[in-house]
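A.B. asks: One structure follows; several queries about it will come next.
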Amino acid sequence: GCTSIGEVTVTVIPELIANAGNDVEICNGEEVVLTASGGVNYEWSTGETSAQITISPNTTTTYTVTVSDNFGNSDSDSVTVTVNDIPTLTITEDVTIIEGESVQLNVSGASDYEWNTGEISETIIVTPNTTTTYTVIGTTATCSAEAQVTVTVEELLVVSAGQDENVCEDDSYEVVLTATPGDSYLWSTGETTQSITVSPLSTTTYTVTVTFGMQVDTDDVTVFVNPNPNVIISNGESVD
């Protein structure tokens, strides 16, 4: 008729489930923070022993973390860091056009493009009124790069050799002819200055060719040499 009571303690240890986080994509040269959870102690395949590590791999790499508790239990999980190369863009070199002209701009080296004009193709045609810099962002996977091209717009060159001149023959005179400003000049006389001085004996047309940047234009100016009147005095009257 005797009774005895005994007790036993059952300790329930929480299930240990390692979690290294979600796979991630970065661009070459970037850093990423990996954070593990699920345990008390952590050991990464890099040798680090904190729950959170910062890494910057050059190539796609898988990292494994082993988590453990204070009861001798452990579990492992892995996370892959995919490293994408930053695209290297090749774009049209800076170009100069004449006012009113169009030019085609090209870019390559990425999968997708977006210009600051809003266009998304690798080739665009532009007709700027003033010197303009165009920017394009090229993207491959998760990585982007930027490139620029400047289109310089030159004002249309319209050359003037000046107004026609009238002089009288047998007079002692000099006429200065002046062309539109430019980079270089070539007159039909062979002179290469913006202004020249002439004293033709008879009516003469002079031609000047002006170069400005990549433009060339020509104009003529005529110096008219008019005969002096032949005055004859007869009977006290003047007669031409």
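A.B. asks: If you roll a 1.4 Å probe over the chain with all protein chains in place, what percent of the accessible area is carbon or sulfur? Walk me through the intermediate numbers first.
C.D. replies: On the way: 6870 of 14940 Å².
Solvent-exposed carbon and sulfur of the chain make up 46 percent of the total.
A.B. asks: Follow-up question, since we're still on this one. Go through the chain and flag any cysteine with no other cysteine's C-beta closer than 4.7 Å, please.
C.D. replies: Cysteines lacking a close Cβ partner in the chain: Cys2, Cys168.
A.B. asks: Just name one of Thr80, Val103, Ile124: the one whose Cα is farthest towards the positive end of the charge dipole of segment 69-134 (beta-carbon charges, Lys/Arg +1, Asp/Glu -1).
C.D. replies: Looking along the dipole axis, the top candidate is Val103.
A.B. asks: Taking a probe of 1.4 Å, how large is the accessible area per residue of the chain, in Å²?
C.D. replies: On the way: 14940 Å² over 240 residues.
Result: 62 Å² per residue.
A.B. asks: Could you tell me which of rounded, prolate or oblate describes segment 1-116, using a ≥ b ≥ c as the square roots of the eigenvalues of the alpha-carbon gyration tensor, with rounded for a/c under 1.5 and, failing that, prolate when a/b is larger than b/c and oblate otherwise?
C.D. replies: prolate
A.B. asks: Any chance you could list P(r) for segment 57-111, counting all Cα-Cα pairs in 10 angstrom bins from zero, rounded to whole %?
C.D. replies: Distribution as computed: 16, 21, 18, 14, 12, 9, 6, 3, 0 percent.
A.B. asks: Which values of log₁₀ I(q)/I(0), to two decimal places, follow from the Debye formula for segment 124-230 at q = 0.19 Å⁻¹ with a uniform point scatterer at every Cα?
C.D. replies: -0.94
A.B. asks: Okay, moving on. For a quick size check, give me the Cα extents of the chain along its three principal axes, largest first, whole Å.
C.D. replies: 184, 29, 25
A.B. asks: Could you pull the Cα extents of segment 110-153 along its three principal axes, largest to smallest, in whole Å?
C.D. replies: On the principal axes, segment 110-153 reaches 36, 14, 12 Å in Cα extent.
A.B. asks: Place a +1 charge on the Cβ of each Lys and Arg in segment 73-121 and a -1 charge on the Cβ of each Asp and Glu, then give the dipole magnitude about the Cα centre in debye, rounded to the nearest 20. Present the calculation step by step, with values, prior to reporting the outcome.
C.D. replies: Working: 0 positive and 10 negative charges, 18 e Å.
Here segment 73-121 has a charge dipole of around 80 debye.
The values are calculated or read from the model by the stated rules, or taken from the named source; none is laboratory data. Keep in mind that what you see is a predicted model, and the values were worked out from it rather than measured. Glycine also receives a Cβ, built like all others from the backbone with ideal geometry; neighbour counts cover every protein chain displayed. Remember, those area values only see protein heavy atoms, side chains included, never the ligands or the DNA or RNA. Shrake-Rupley method; radii C 1.70, N 1.55, O 1.52, S 1.80 Å.
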